[in-house]
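Working notes for the structure below.
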Amino acid sequence: MMRQPHYETLFVARQPVLDTARNTWGYFHYYRRCMDHTYSEFTDPVQATLSVIQCLPACMDTCALPHKALIHLPGPALMAGVPKALGAGCVLPVLAHDDLLDPDYLEALKGLRAEGYELALDLADPLPPDSPLLDLVNIVILDMRDPAGGPNGLAATARELSARGLTLLAKRVESFEAERLARSLGCTLFAGHFFREPQTLTQRKVSAAETTRMNLLNLLSNPEPPTDRLVAAIEADASVSYRVLGMLNSAHFGLLKKVSSVRQAVLLAGWTQLSAWLRVMVMADMTPSTKARQLLHLSAQRAKFFELLAVASERRDQADCLFLLGLLSLLPAMLDMPMDRVLAKLALDDDMRAGLCGQPGLYAPWLGMAQAIEDTRWDDMAEYALKLSLPTGSVAEAYNASFQWADRLLSALPGAVGRTRP
């Protein structure tokens, strides 16, 4: 008989909500419980909500101002005062349009509004103009993939809601065409994976500065490059040298003595920690400012997620390659050019190149699993976890640890482009 674990792994996936400048405005948070690589909903909606709230302190960096944590809260959870566990500055309750509009529920919503909470309404079907919910919410969420009433009904609904002064949030925005449509409807907030796709407007060329960064990234792809070559590559760029010295002298690295040269920094920091930070920093330099923050965070999170799973599944020898796979996986969106053109500048092995180009092979399940989590496709993610023979609970633990790692790393990144929080 297998021994039952004495703990329960809680798994909160988050999906960014971007503003019109494509900066991170907040995050949707979704709860699932990982058990034997399957995912199931709680039959008790209040218990499910409490589980999400329980996990939020683990990612408070994304829940603190100015970011909002959007959580779908059923009527009983709202009436029980669940949002008050974290306060109006953190949680933005998302209401279902079909919750029973009994007097106690409406009074609970009015109470939250009086205490400073904003409320969002996830609109599955058009509401009558006299619905009391429309007088209580600040934000209405519209589904761009499966809109009620089709495109014409969506446009009519958007006009009516905009006329009432409500903020419109478009969810399931899966392409730049969908984003442009959402903008034309008056939406100012967007959730979906459109920002992860390259937007090729011209026949863009890699600049000289980007070529320099690519050369450094190439060097960092080695398990441990010769110190002389690494020092020379860093010293060749004054901006990189300055940030390396600043980073190594910060509390994030916790070195016992101040560093005064690039060579000293490389020797004291240790290759594993320094290379991870350098890779993220190089990626930051190559990312357009309007996309930088979320894409950089997502690529860093993917990298650490894959690395942690490699260790958990006794693939330690693949950890460095999988870290690089995650880090490079969003380069097309960062540089707005096809992956094959991006990879022409990098010396990668055939398996890595095939995986990044979306071809079947050794790395395809890893990228498929990451995208399934980000899109909250839980059944697909479970299938990938089974295919990769990942230990029970390892996906949830690695995912939660990886976004905390990415939060810490990017918050310590000096002068990170596109930062949206102070």
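Below, the figures for the structure above:
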| item | result |
| --- | --- |
| Assigned charges on the beta-carbon of Lys, Arg, Asp, Glu; the stretch 109-183 dipole about Cα centre (debye) | 160 |
| Local electrostatic count at D135 - Lys and Arg +1, Asp and Glu -1, tallied over other residues with Cβ under 12 Å | +2 |
| Cα-based convex hull volume of the stretch 76-162 per residue, rounded to whole Å³ | 100 |
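Taken together, the values in this text are just the output of simple stated rules run on the coordinates, not laboratory data. What you see is a predicted model; the values in this text were computed from it and never measured. Cβ atoms come from the backbone with ideal geometry, glycine included; neighbour counts cover every protein chain shown.
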